[in-house]
Every structure is written in structure tokens, then in C-alpha cells.
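To start, the structure under review is shown below, and the notes come after it.
No value in this document is a laboratory result; all are computed from the given coordinates. Quantities reported herein were computed from a predicted structural model and do not represent experimental measurements. Note that each Cβ is placed from the backbone with ideal geometry, even for glycine, and that neighbours are counted across all protein chains shown.
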Ligand SMILES: [Ca+2]
């Protein structure tokens, strides 16, 4: 009985240590965070929050300009594993509203590194995924049209799969 109790105790301790050692689960750390657009579409109703509200049938939409952009403030530093960008689902001729764009990230909004680039036009509802380089840490994620004629930028949803930096430090320490 005594030894059985110890075995059970050691088993529990082992499970606790194991759970602390597990790689933390990725979460969509962009959900409901603050989004800034380079400009607003003239009719209104397409604010930046529409890009991180978990709905794929609405959209954030800038005005027409040379290099329109959308920037998410994650509210803290995260290891960024993957960024998924979804084109608007409601328009079959709006591919140029999400084309030739960069995805960047960084700890400071004016000092960003590139995670990836997509050089073609998207189709309605298309998902474009970017896997950032290892050790990509940032608070800000930027989607920016990188070239071409002046255009709008529209995005139905952006998902940023990441882990709080403090949890990753715990994992590696
Ligand atoms: Ca949305």
C-alpha cells in the first residue's frame, strides 16, 4: 500500500513535469486585437477590426492609394509561426485588392522584417499562408501591397498563429 502510494505520487509528479515541458499550443493571437489601416474606404463600415473578428464574410478595406497597408498590434511580443490571410469572399473581380503583398512583423512598428511575399492576384475567399522564419518574434504584423498601380487593400480575415514570448522562454530555459 505504501509503495503503491509512492508510485502514484511519482506518477503524478512526472505528469506535471511532462505537461510543463510540452510545447505550448499555437493560438490565433490576432483575434480581436487592434488593427490600423493606412486609410479608410470612403463609405465606411470596413474598419480594421473586421480583419480580426473571426468572420470571413466581412472585410477591412482601405482607400485607394499607392501602397495601402493593414497593421495588427498583438498587444505584446509573440513568437509568430504562421500568418494566414484570407481574401474577401464577396467579390469575384477584386483580386487586385489583395495582390503583390508583403507580410511583415516586428517588435517595433517602424522596424519590421519580412515573413513572406505573395506576388499574384488572389481569388474570392482565397487563403494565403506564410510560415515565418524560425525565432520570429514581434508585436506588430503588417500586410502591405508592395507594388503596382494605386489600389485598394481589402482583407476578410488575418490569423496569426503564435505563442506568447514569455511561454517560449519558459520552454527553452
Ligand atoms: Ca472578418
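Here are a few things to note about the model shown:
- Extent along principal axes [Cα atoms of region 86-173; Å; largest to smallest]: 50, 24, 16
- Across region 27-172, the mean sequence separation of Cα contacts (distance under 8 Å, 6 or more residues apart), normalised by length, yields a relative contact order of 35 percent.
- Gap separating the Cα centres of region 104-173 and region 49-84, nearest whole Å: 9 Å
- For region 19-108, the share of alpha carbon pairs falling in successive 10 Å distance bins from zero is 14, 46, 29, 8, 3, 0 percent.
- By the count of neighbouring beta-carbon atoms within 10 Å, fewest first, 91, 132 end up ordered 91, 132.
- Neighbour-count ranking [beta-carbon atoms within 10 angstrom, fewest first] of 143, 80: 143, 80
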